[in-house]
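To keep things clear, I will list the structure first and then write my remarks on it.
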Amino acid sequence: MSLLKVNNLKCHYQTDISTVKAVDGISFEIEEGEILGIVGESGSGKTTVALGIMGLLPENTAITGDIFYREQVISSLPESKMDRFRWKDIAIVFQNGLEVLNPVMKVGVQVTEPMRKHLDISPDKARSKCADLFRTVNLDPKWMDSYPHQLSGGMRQRVLLAMALSCDPKVLILDEVTSALDAFTRKEIRDLLVELQKKNGYTMLMISHDITFVSSVASRVFVMYSGRVVETGPVKDILVSPRHPYTRGLVHSTPDIFVYKDLWGIPGDFPAGDEFKGCPFSPRCTQKIEKCKEAPPDLIPIAGGRNIACHRGGVAGLLEAKNLSYRYRLPDRKYLKAVDNVDLEVGEGEVLAIVGQTGSGKSTLAHILANVMRPESGEVMFMDENVSKCNYGNRLNGVQIVFQDPFSSTSNRFTVLDAIKEPLDINKIGSKEDRLQMVKNALELVHLPGTGNFLSKYCGELSGGQRQRVALARAMVMQPKLLIADEITSALDVSTSANVLRLLKGLQNRRGFAMIYISHDLSMTLKIADRIAVMNHGKIVETGNSHDVMLSPSDEYTKRLVDSRIPV
Amino acid sequence: MANDRNSFVFRLLLTLFVILVINFFLPRMMPGDPFSTTSADEVGEEIIVMTEEQRLYYMNYYGLDRPLHEQFLVYMKNLMTGDLGRSIYYKMPVSDVIILHLPWTMLIVLGSTVISTIFGVFLGTLSAKNRKKGSDRIMMTGMIAFAEIPSFLLGLILLLFFSAYLRLFPLAGAITSFADYSGPAEHTWDILYHAFLPIVTLSLSQLTGVYLLTRNTLITVTTKDYIRTARAKGLGEKTVWTRHALRNALLPVVTRAGFMIGIMMGGVVLVESVFSYPGIGMILRCAVVGRDYPLIQGILLVIAVSILICNLLVDKIYSKLDPRVAI
């Protein structure tokens, strides 16, 4: 028997002009003593769920679905009956805000107020209990006689916590309890919650946009997006291998998980308008298909106690390489194994970095993946089709590669226009006007002028940074789903390479293509990569998310690579 | 802190000085002088037409023939010693005239402040609770339309209906003339009986303001997070409304009540005239008609000072009620 059960809860805010589906059919159960986390960015409907359980939604909300507490329906109780459950059975710790406590009442009075109402105890007893509660949440009882505005944010949050604990509730709902707090206070509150939970066995529903905070306390987590649950599962699994593109985006834009990575949010916004029928994430999704526009996906169980709501079953694989090998024949007739039995996978919209020292076979691998070279054995599958057979380099939405050296990859004698237009010309894509427009668009993407003057410049006249951007534009003009960037910054100075790299990552983030980024520079890759594959002597010796590879390398070679960074 | 206090006192004195200057010059800018009055206000009043010689004599007697700046200096000097001058019309010290009539004005002003605040808050709360329902809409429309009636017209209507037609209340005065009271209870009753209609008139004219303020503040307050917190605690609707919502919504109402006293001190002139109620409003009217410069100055000063005092009190009370403002 679960303590709290929510069954197909829908909360639609109705205004005169539109309906906002804040919560659109979510169900969950919390067992006694369990901590369930709900994460999602602001506006995903997390707080509405909390208020819905407490029966505190505004009058213009259309609520359907059932909420059970100990097998009793509490969702349709009248106010007076609901008041008996509020605070005594289910209490909520609100997000600390300036006006979440009554500004003209002393905080001690506000904490004792529910005790007097629900526990039927004398004022003196309530006051002494209040002092105990203050001590429990590490707050000096002398603050009982102060007003909310006299307390700091952290102290107010403690008061709110003490208030929620005052009637010994069975279920504790925590709504963004740490989001307005500094790092120290956040940690203290976290430790306090863990301790309280251990001691008193509270059942908690923890709501936050802070996935690290939730995962450090909760055992199971629900990921919400636009009023729907997109993924559920045990905390660790969700963090290590998020399956829904949204969860992945959320995890990847969390600085606590990707310490070294630059901050890149998930581009785009919630779908506007209530007539939108498809998957709510589809406008921001990098792997959407036709079906995603038509109907929202259902939450379906997958292995490992997880559920996912995605028409494509979660993050889809884009490129898969199996048993790739390639040998170069040396002058002494010996063979050098440049690529040695490599297996590789790249998901939709993912940035995989391949790092290794010079001569480790990275570029050879990149050329094979881009179908510039044929492997001796093994095969490369792109969108479940063989790269070499389907020639994905020759069509739009395929695979494109940007090479290391812009001076040799773009001809001096070509004008900018010709250099970028070349793949369109060769592959006979679009009319003459279309091609010009596509070139201009591509130039705009890489922040170069699309004017006639610049278009008719010769590549030889350009600087290194400009030329590498022209090379990038040539790849972008084919609108690739996978871009392979092979040491694209190694020929550039620090500042130019930083600019090009940010440009590239920005493009990737906005356009949502997947990328294989090949580099010998570990520091650079950490800034942009989601996953890192470390290559040595033609073999991939370690793969993992970039943070783990950097902080806890398991392979000897990786450790050496990490240590080889010159300390400043 | 000391600095704050000094600048506060300085500002207060400056305000007072500006008021005094205006008080002094404004009456003298009116055409005529105290001794050229030829009209009688009430039927049967004796009309005295002075000869030019007599006029000049009196002008000299009251010092009104001296240059204006000299008169002003004398006025200021006398004021320092607490001397407000002599009323030309009443032939007695201005301060005595004011002390005689001020209590009546205080009675109806304070009385109507209390009454309009109580009823305004009550109706405003009722309206806010029924927000978006028909009763709220009707009440609000009615109140706003009602507020458009000027207070003297309202007084006139009440006077004609209740006093002249129904004969329920007296037509004029603050007490029954030549009455012989058997005890303080009867005395009080007589005072209230006379003050009733003026108080009702003033209260009604202020009611809509309090009502709207209470209603709108309550509606804003009930959307605040702390109201949600109070609801979450399961305290019950009644406690949520009284202890949490109303307590916060009353803060601006208190401020308003303070300012209302000041505004009414000015507005009371017309209402007192309608009811012939012997407060300072009515004697101000007489003083203006008779160009009784010292009396006009004195009354205007009293009104201005009482407005200043009310503002000061509001500040003090507010900081007691709202801990956020307390120093």
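Would you check which residues across the stretch A:123-138 are farther than 18 Å from B:Leu235 by Cβ and modelled with pLDDT of 90 or more and list them?
A:Asp124, A:Lys125, A:Ser128, A:Ala131, A:Asp132, A:Phe134, A:Arg135
Would you say A:Leu77 is away from every other protein chain (no Cβ under 11 Å), surrounded by fewer than 24 Cβ atoms within 10 Å (Cβ to Cβ) and either out of contact with any His (no Cβ under 6 Å at 6 or more places or on another chain) or not in a strand (DSSP E or B) (or both)?
yes
Please enumerate the residues belonging to the stretch A:108-133 that are open to solvent by 10 Å² or more (accessible area, probe 1.4 Å), within 12 Å of another protein chain (Cβ to nearest Cβ) and among the hydrophobic types (A, V, I, L, M, F, W, C).
Within the stretch A:108-133, A:Val109, A:Leu119 qualify.
Please pick out the residue among B:Gly173, B:Gly82 that is at positive phi, open to solvent by less than 30 Å² (accessible area, probe 1.4 Å) and part of a loop (DSSP other than H, G, I, E, B).
B:Gly173
Any idea which residue in the stretch A:441-460 is least open to solvent (accessible area, probe 1.4 Å), counting only those that are more than 14 Å from A:Asp418 (Cα to Cα) and assigned to a helix (DSSP H, G or I)?
A:Leu445
Of all the residues that make up the stretch A:147-174, how many are open to solvent by 10 Å² or more (accessible area, probe 1.4 Å) and within 11 Å of chain B (Cβ to nearest Cβ)?
Count: 3.
Can you find, within the stretch A:288-301, the residue that is nearest to A:Gly398 (Cα to Cα) among those that are at pLDDT 80 or above and crowded, with 16+ Cβ neighbours inside 10 Å?
Looking at the filtered set, the residue picked out is A:Cys292.
Conditions first: (1) among the hydrophobic types (A, V, I, L, M, F, W, C); (2) assigned to a helix (DSSP H, G or I); (3) open to solvent by 30 Å² or more (accessible area, probe 1.4 Å). A:Phe68 passes all but one, so which condition is the exception?
Status for A:Phe68: all satisfied but (2).
Does any residue in the stretch A:378-395 that is in the same structural domain as A:Asn341 (by TED's automatic domain parsing) come within less than 9 Å, Cβ to Cβ, of a residue that is aromatic (Phe, Trp, Tyr) and in a helix (DSSP H, G or I) six or more places away or on a different chain, and which pairs are these?
Between residues of the stretch A:378-395 that are in the same structural domain as A:Asn341 (by TED's automatic domain parsing) and residues that are aromatic (Phe, Trp, Tyr) and in a helix (DSSP H, G or I), the close pairs are A:Phe382/A:Tyr392; A:Met383/A:Tyr392; A:Glu385/A:Tyr392.
Out of (1) open to solvent by 30 Å² or more (accessible area, probe 1.4 Å); (2) more than 14 Å from every other protein chain (Cβ to nearest Cβ), the odd one out for B:Thr220 is which?
B:Thr220 satisfies all of (1) open to solvent by 30 Å² or more (accessible area, probe 1.4 Å); (2) more than 14 Å from every other protein chain (Cβ to nearest Cβ) except (2).
Is it true that some residue in the stretch B:229-242 is touching a residue at least 40 places away in the same chain (Cβ under 8 Å), within 14 Å of chain A (Cβ to nearest Cβ) and over 29 Å from B:Thr105 (Cβ atoms)?
yes
Among the residues of the stretch A:209-247, count how many are of a type in the set (Asp, Glu) and either more than 22 Å from A:Ala22 (Cβ to Cβ) or over 14 Å from the mean Cα position of the chain (by Cα) (or both).
Of the residues in that region, 1 qualify.
When you look at A:Gly65, is it more than 10 Å from chain B (Cβ to nearest Cβ) and closer than 23 Å to A:Ala309 by Cβ, yes or no?
Here the answer is yes, as A:Gly65 does meet what is asked.
Select from the stretch B:89-126 the residues that are open to solvent by 60 Å² or more (accessible area, probe 1.4 Å), under 30 Å from B:His244 (Cα atoms) and not β-branched (Val, Ile, Thr) and write down the one among them that is nearest to the chain's Cα centre (by Cα).
B:Leu110
Scan the stretch B:177-215 for residues that are open to solvent by 60 Å² or more (accessible area, probe 1.4 Å), hydroxyl-bearing (Ser, Thr, Tyr) and in contact with a helix residue (DSSP H, G or I) (Cβ under 9 Å, 6 or more places away or on another chain) and jot them down.
B:Tyr181
Select from the stretch B:279-310 the residues that are open to solvent by 30 Å² or more (accessible area, probe 1.4 Å) and either outside the structural domain of B:Met264 (by TED's automatic domain parsing) or more than 13 Å from the chain's Cα centre (by Cα) (or both) and list them in ascending order.
Passing the criteria: B:Arg285, B:Cys286, B:Val288, B:Val289, B:Arg291.
Is there a residue being in contact (Cβ under 8 Å) with a residue 12 or more places away in the chain, more than 14 Å from every other protein chain (Cβ to nearest Cβ) and either closer than 16 Å to B:Lys129 by Cβ or small (Gly, Ala, Ser) (or both) anywhere in the stretch B:190-200?
Taking every residue of the stretch B:190-200 in turn, at least one turns out to be in contact (Cβ under 8 Å) with a residue 12 or more places away in the chain, more than 14 Å from every other protein chain (Cβ to nearest Cβ) and either closer than 16 Å to B:Lys129 by Cβ or small (Gly, Ala, Ser) (or both).
Quickly run through the stretch A:50-62 and pick out the residues that are surrounded by 19 or more Cβ atoms within 10 Å (Cβ to Cβ) and away from chain B (no Cβ under 14 Å).
Result: no residue meets the conditions.
How many residues does the stretch A:89-107 hold that are open to solvent by 10 Å² or more (accessible area, probe 1.4 Å) and more than 7 Å from chain B (Cβ to nearest Cβ)?
So the count comes out to 6.
The values are calculated or read from the model by the stated rules, or taken from the named source; none is laboratory data. Since this is a predicted model, take the numbers as computed values, not measurements. Note: ideal-geometry Cβ built from the backbone for every residue, glycine included; neighbour counts use all protein chains shown. For accessibility, only protein heavy atoms count, side chains too; no ligands or nucleic acids. Shrake-Rupley method; radii C 1.70, N 1.55, O 1.52, S 1.80 Å.
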